[in-house]
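Down below is the structure, laid out as structure tokens.
The values are calculated or read from the model by the stated rules, or taken from the named source; none is laboratory data. Owing to the predicted nature of the structure, the values given are computational and were not obtained by experimental measurement. Counting neighbours? That spans all protein chains shown, and the Cβs are built from the backbone with ideal geometry, glycine included. For accessibility, only protein heavy atoms count, side chains too; no ligands or nucleic acids. Shrake-Rupley method; radii C 1.70, N 1.55, O 1.52, S 1.80 Å.
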Amino acid sequence: MLAADPGASIASIAAEAGVDRRTVYRRFASREELLAAIYAARLTAIEQAIEDARLREAPVTVALHRYVENIIAVNRTWPVDLARMLADDTVHARRDASIREVDTFLQRATDEGLLRANLPQGWASALLPQLMHLVSRQMPHLSPAQAADVVVDTLLHGIGTS
């Protein structure tokens, strides 16, 4: 609900969840606390997706597909924008750590010849999240694996060496 309407009230969120508004307030003292919990859950899911992809150990193509598939699932499960919480230093630090991990992986993909080295600095890092976001929203009929196939194919044939 919050992804569709960031201003959704606690009462409407509770009704959608099938619980009383007081039940929500027993768990979350304020709307901001509820939002913080949602953002924390999304960050945790992103961190887990990165860990599960084994970006440092797995073969690049395997890790890329696994990462993209995992993130598409996260985007669909937690379709909220973290930008609203970036004023929080902890959220910002966690998000930046995830970005660094993926950037390191994309540099590995470039070093191993999967991505072109002559692209502008940061282009793959900017393009990949946009592709994942687009397929997550625009192609909900595709499973995360099928959606990952589309993203990886687009990435590699759009900026890949082959």
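Based solely on its DSSP helices, what 222 nm [θ] is calculated for the chain when runs of n ≥ 4 H residues each add -39,500 (n - 2.57) and the sum is averaged over all residues, nearest 500 deg cm²/dmol?
Values: 7 runs with 111 residues, N = 162.
Computed mean residue ellipticity for the chain: -22500 deg cm²/dmol.
Between Gln48 and Gln121, the simple spin-label model (points 7 angstrom out along Cα→Cβ) gives 3.6 nm. For the chain, carbon and sulfur atoms together expose 54% of the accessible surface, with a 1.4 angstrom probe and every protein chain in place. Helices that extend 24 Å or more along their long axis by alpha-carbon positions and average at least 0.0 on the Kyte-Doolittle scale are, among the DSSP H runs of the chain, 31-53, 60-77.
Whole number in Å², please: accessible area per residue of the chain, 1.4 Å probe, ligands, DNA and RNA not counted.
On the way: 9210 Å² over 162 residues.
With all protein chains present, the chain gives 57 Å² per residue.
A crude spin-label estimate for the pair Met139 and Tyr25, with each label 7 Å from Cα along the Cβ direction, gives 4.5 nm. What is the Cα radius of gyration of the stretch 97-158 over 2.2 N^0.38 Å, N being its residue count? Expressed relative to 2.2 N^0.38 Å, the Cα Rg reads 1.16. Just one of (i) 14.1; (ii) 10.4; (iii) 11.3 is mean projected area of the Cα convex hull in nm² as worked out from the coordinates here. Which one is it? The calculated read-out lines up with (ii). Positive-end ranking of Val60, Ser12, Val80 along the dipole of the chain, with charges on Cβ about the Cα centre, is headed by Ser12.
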